[in-house]
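A.B. asks: Take this structure first; my questions come after.
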Amino acid sequence: MEQRSEAYDLEEIHTVKKPNIFSFLFSPIKQFDRIRYEPRALGPMFLILAIVLIGLLIPLLAGQGGLLPTGIGDSYSEDMYMDEYYYESDPLSSINVESFIMGVVLWISILGIFAIIPPALALLLFAFSKMHNRETTYGALYSMTVFASLVPSIGFLYIMIMNTIASTYGYIYTAPTVFVSEEHLLYPFLASLEVSTILFIILIVIGLMRTAAFDRLVALAVGVGMYALVFIFQVIGGML
């Protein structure tokens, strides 16, 4: 009877479908189950970075909104004659170099964050899983975190689109902070409730249960710990 059960498990592993990043939003649990046997990370990681890059490009191409002012065109004023504006001797004279450099550094930092968080978080979860004697692989946990990162990348794209439409800079339209000012006492707490971040934590908790076979309480404890780190980061950021 035991041999028959092992044979069935092997057959199930060989017949399981590969996880699909495009189906993740509609069936995350099914994709987590598939990741357990067929981890995939490279293609989904490139897709996520492409989404983030598109989010960064939209305000640049539109010429308004985004994370920071680009510093391009700041020297133009309504009092300038049109021929002075269009026929300047130096076409780069309207560029604020300091703001431009800050923008480039910010771009690299954001892309780096989305590229580094999945493998770093997977490494921590892998070490935690070994402490609790869970039979899982680093590849499966890395694939799990990459798939879960799809939601924050889409959230970032939405934020950039809204900043472009409203011609705002760095405004988080997916958090309750839209209802209060930055000086409000509850601002760090409200900022930690950013929708895509909360969904990312929830997906990690579900993924730990489905992909790494974590106990429910242990997975929930990991989720609470992740949220605590987000909250602490917001509090520290508000003090700077």
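A.B. asks: Could you check region 160-198 and list, in sequence order, the residues that are without any contact (Cβ under 8 Å) to a residue 24 or more places away in the chain and either aromatic (Phe, Trp, Tyr) or touching a His at 6+ places or on another chain (Cβ under 7 Å) (or both)?
C.D. replies: If the condition is that a residue be without any contact (Cβ under 8 Å) to a residue 24 or more places away in the chain and either aromatic (Phe, Trp, Tyr) or touching a His at 6+ places or on another chain (Cβ under 7 Å) (or both), then Tyr171, Tyr173, Phe179 are the ones that fit.
A.B. asks: Here's a follow-up. Quick one: which residue in Leu157, Leu208 is touching a residue at least 24 places away in the same chain (Cβ under 8 Å), closer than 22 Å to Lys18 by Cβ and either among the charged types (D, E, K, R) or open to solvent by less than 60 Å² (accessible area, probe 1.4 Å) (or both)? Show your work before the answer.
C.D. replies: Working: Leu157 fails: closer than 22 Å to Lys18 by Cβ.
Result of the check over Leu157, Leu208: Leu208.
A.B. asks: Of everything in region 180-212, what is modelled with pLDDT under 90 and of a type in the set (A, V, I, L, M, F, W, C)? Give them in sequence order.
C.D. replies: Val180, Leu185, Leu186
A.B. asks: Of the conditions (1) part of a helix (DSSP H, G or I); (2) surrounded by fewer than 19 Cβ atoms within 10 Å (Cβ to Cβ); (3) of a type outside the set (Lys, Arg), Ser129 clears all except one; give me its number.
C.D. replies: The one condition Ser129 does not meet is (2).
A.B. asks: Related question: Looking at Val105 and the list (1) under 24 Å from Asp215 (Cα atoms); (2) free of Cβ contacts under 8 Å to residues at least 24 places away in the same chain, which single condition is not satisfied?
C.D. replies: (1)
A.B. asks: Hey, does region 148-160 have a residue that's assigned to a loop (DSSP other than H, G, I, E, B) and under 28 Å from Pro59 (Cα atoms)?
C.D. replies: Going through region 148-160, the residues assigned to a loop (DSSP other than H, G, I, E, B) turn out to be 149.
If we keep only those that are under 28 Å from Pro59 (Cα atoms) too, we end up with 149.
Yes: one or more hits.
A.B. asks: Which pairs have Cβ atoms under 7 Å, sit 6 or more apart or on different chains, and link a residue in region 30-43 that is of a type in the set (A, V, I, L, M) to one that is open to solvent by 50 Å² or more (accessible area, probe 1.4 Å)?
C.D. replies: Note: pairs meeting the criteria are Ala41/Tyr142.
The values are calculated or read from the model by the stated rules, or taken from the named source; none is laboratory data. These numbers come from a predicted model, not from an experiment. Because the Cβ atoms are built from the backbone with ideal geometry, glycine has one as well, and the counts that use them run over all protein chains shown. Heavy atoms of the whole protein, side chains included, go into the accessibility calculation; ligands, DNA and RNA do not. Shrake-Rupley method; radii C 1.70, N 1.55, O 1.52, S 1.80 Å.
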